[in-house]
Amino acid sequence: MNRSCNFSNVTNDYLAAYDSILCDMTDQMTHAELSDSISHNFITQMIPHHQAAIEMSRNLLRYTTNIPLQNLALQIVTEQTHSIADMQKILCKCDAIHNCRQDLCCYQTRIKRIMNHMFCEMKHACACNCVDINFIREMLPHHCGAIAMSENTLRYCICPELVPILDSILTSQRQEIWKMQCMLRCMTGC
């Protein structure tokens, strides 16, 4: 995080929790146990991604008084909790769908680039003394990462049960990005 000014104790506490969430997510996604199934690999890397969004939202909910942002954070917690449960439910079926070495290599190379870009953007999100603005600046690259990972996964032969989960991620996170961008413009006046 780019911390260029003095922050309140509340902001410092919020940012310390965020740093810990980001570190855990980065570690779990980077060291996920991969197989010869793109479907399996997506799920094992997306579950810690979703879990981080839940924890980021709960972190915000400790501090925010912004009702629309509070509602959005609660929506993220609900949607991503359901998505994790849906992915866990189909993981065994998805393990049975195997991909060729070339597809696996192309898929994982692209996923690694997406993840590294997302980690970098989240780590260097411009911080200010407003927790609400910080949350949006952190969550935007997180959601963009999920969209890019989902779009990449849909390019390959995957478990049919995973497709509606990917479609749901794309729909919900695009809508949430739009809402957050509107809120950020109102908060920052630009």
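Read-outs throughout are calculated quantities, based only on the coordinates presented, and are distinct from any laboratory measurement. A quick note: this is a predicted structure, and the numbers were derived from the prediction, not measured. As a convention, Cβ positions derive from the backbone with ideal geometry for all residues, glycine included, and neighbour counts pool all protein chains shown.
Selection of the range 61-73 for residues being in a helix (DSSP H, G or I) and more than 15 Å from the chain's Cα centre (by Cα) yields Leu61, Ile67, Pro68, Leu69, Gln70, Asn71. Taken over the range 142-178, the residue count meeting the criterion of being in contact (Cβ under 8 Å) with a residue 60 or more places away in the chain and surrounded by fewer than 16 Cβ atoms within 10 Å (Cβ to Cβ) is 2.
Picking from Met46, Met29, Met56, which residue would you name as being outside any loop (DSSP other than H, G, I, E, B), in contact with a Pro (Cβ under 8 Å, 6 or more places away or on another chain) and of a type in the set (A, V, I, L, M)? The unique qualifying residue is Met29.
Residues of the range 4-35 that are more than 20 Å from Gln51 (Cβ to Cβ) and among the acidic types (Asp, Glu): Asp13 alone. All of (1) in contact with a Ser or Thr (Cβ under 7 Å, 6 or more places away or on another chain); (2) over 22 Å from Asn66 (Cβ atoms); (3) assigned to a helix (DSSP H, G or I) hold for Ile158 with one exception: (3).
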